[in-house]
Amino acid sequence: MDDVLAVTKSQLVNEIKKLGLSEGQTVMLHASVKSIGHIVGSPRTILEALFEILTSRGTLMMLVGWEDNPYSIFGASFQDDIDKWPEKKRQTFYDTCPTFDPEYSRSDIREMGILTEYLRTYPGSIRSRHPLGYAAVGKLAQYVLKDQQWQYREGSGSPLEKLCDVGGKVLLLGSPTGKVTLLHFAENLADIPNKKTVHYKMPIIQNGDRVWKGFEEYDFINGIVPWPEDYFKSIVDEYIEKGNGVQGTVGMAECHFFDAKDLNNFGVNWMERNFRCLEDRE
């Protein structure tokens, strides 16, 4: 146990400040708790450190998703697969699948990490209405998350666009550079042909009734184009190589701090430059 780093709240505050986080900012967080080290207290200590820096004037948001959502459980093709099931099996699935409730449904900690559930249940937390949506705490939480659109949830009017509009930031605390959710907004904006889309249904409450609502969006799981590598990682790594953002260490974790709008614009340009080459090869 001698080599285990015990990370205190005061240490978190000091080291996160060095990355550039400051009072009043609006920031989207991606965090790998285990990569930071042994947190004195619990993962909630990380949130407490962030809010100490941001104060009541700031806002913290995370993509939290939904633990029981069938899209993540069965994969991007689940709707096509279910439609092929025998009628009785398909109806049993539709009848028994849990209903998404923004107030009570747990975050998808398997995909998004345990800190998402800590933020979802943090005092004053607000959650967007989409089953694959966000939670936020702070001054602009209501503005950023209000009425997240059902269709093309990361496009125009989305929490990601609002993050850019308010001069927001992206903070990676030990999270891989390929996990920057903001670039889904870039995927929506990029002017490239034949972007792949997906269609799926999820059970939600609408006007007091349980309904299986249909959704349409770009293919965020498999990518909007056939590309040999993790293009989110390629984009962010190139952005860093060009001298953008701030890098540092928090606990034992390699961390990054970016301007959301600048990174998103870089992502749009990168996609348009590289993905158009695919069409030229055909």
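The values are calculated or read from the model by the stated rules, or taken from the named source; none is laboratory data. Because the structure is predicted, anything quoted here is derived from the model rather than measured. All Cβ positions, even for glycine, are placed from backbone atoms using ideal geometry, and neighbour counts span all protein chains on display. With ligands, DNA and RNA removed, areas are computed over all heavy atoms of the protein, side chains included. Shrake-Rupley method; radii C 1.70, N 1.55, O 1.52, S 1.80 Å.
Which three semi-axes in whole Å describe the equivalent ellipsoid of the range 127-261, each the square root of 5 times a Cα gyration tensor eigenvalue, listed largest first?
The three semi-axes for the range 127-261 are 28, 20, 13 Å.
Report the net charge of residues surrounding Ser105, where surrounding means a beta-carbon distance below 11 angstrom and charges are Lys +1, Arg +1, Asp -1, Glu -1.
Once all neighbours under 11 Å are counted, the net charge is -3.
Relative contact order of the range 123-244, please, whole-number percent, based on alpha carbon pairs below 8 angstrom and at least 6 residues apart.
Over the range 123-244, the number comes to 21 percent.
So what is the relative contact order of the range 95-165, in percent, for Cα pairs below 8 Å that sit 6 or more residues apart?
In percent, rounded to a whole number, it is 20.
Note down the relative contact order for the chain as a percent, whole number, built from C-alpha pairs under 8 angstrom at least six residues apart. Don't skip to the end; give the middle numbers.
Numbers: 499 pairs, mean separation 64.5, N = 282.
It comes to 23 percent, rounded to a whole number.
Add -39500 (n - 2.57) for each DSSP H run of 4 or more in the chain, then divide by its residues: what number comes out at 222 nm, to the nearest 500 deg cm²/dmol? Display every interim value, and only then the final one.
Values: 13 runs with 109 residues, N = 282.
Counting only the DSSP helices, I get -10500 deg cm²/dmol.
May I ask you to work out the translational diffusion coefficient for the range 91-150 at 10 °C, viscosity 1.306 mPa s, via Stokes-Einstein with Rh from the Kirkwood sum over Cα pairs, reported in whole µm²/s?
D, rounded to a whole number, is 127 µm²/s.
One quarter of the convex hull surface, Cα atoms only: what value does that give for the range 201-282 in nm²?
It is 9.4 nm².
Can you report the principal axis dimensions of the chain using only the alpha carbons, biggest first, rounded to whole angstrom?
57, 48, 40
Provide the solvent-accessible area of Lys139, counting protein heavy atoms only and rolling a 1.4 Å probe, rounded to the nearest 10 Å².
So the heavy atoms of Lys139 present about 140 Å² to solvent.
Tell me, what % of the accessible area of the chain is carbon and sulfur with a 1.4 angstrom probe? Working shown, then result.
Details: 6260 of 13230 Å².
Of the solvent-accessible surface of the chain, carbon and sulfur hold 47 percent.
What per residue convex hull volume, in Å³, comes out for the range 179-248 when only alpha-carbon positions are used?
149
Give me the percent of Cα-Cα pairs in the range 6-152 that sit more than 25 Å apart, rounded to a whole number.
Numbers: 3987 of 10731 pairs.
Beyond 25 Å sits 37 percent of the P(r) for the range 6-152.
Per residue, how much accessible area does the chain show when a 1.4 Å probe rolls over the protein heavy atoms, in square angstrom? Provide the component values of the computation, followed by the final result.
On the way: 13230 Å² over 282 residues.
With all protein chains present, the chain gives 47 Å² per residue.
So how do Asp262, Asp237, Asp209 rank on accessible area, 1.4 Å probe, biggest first, that is with the largest at the start?
The residues order as Asp209, Asp262, Asp237, largest area first.
How much net charge surrounds Glu238 when only the other residues with a Cβ under 13 Å from the Cβ of Glu238 are counted, with Lys and Arg +1 and Asp and Glu -1?
-1
Which order do you get for Tyr104, Tyr218, Tyr134 if you rank them by accessible area with a 1.4 Å probe, largest at the top?
Tyr104, Tyr218, Tyr134
Mind scanning Lys146/Lys169; Lys84/Lys213; Lys17/Lys233; Lys34/Lys213; Lys139/Lys201; Lys146/Lys201 and naming the pairs with a C-alpha gap bigger than 28 Å?
Long pairs (Cα-Cα over 28 Å): Lys34/Lys213; Lys139/Lys201.
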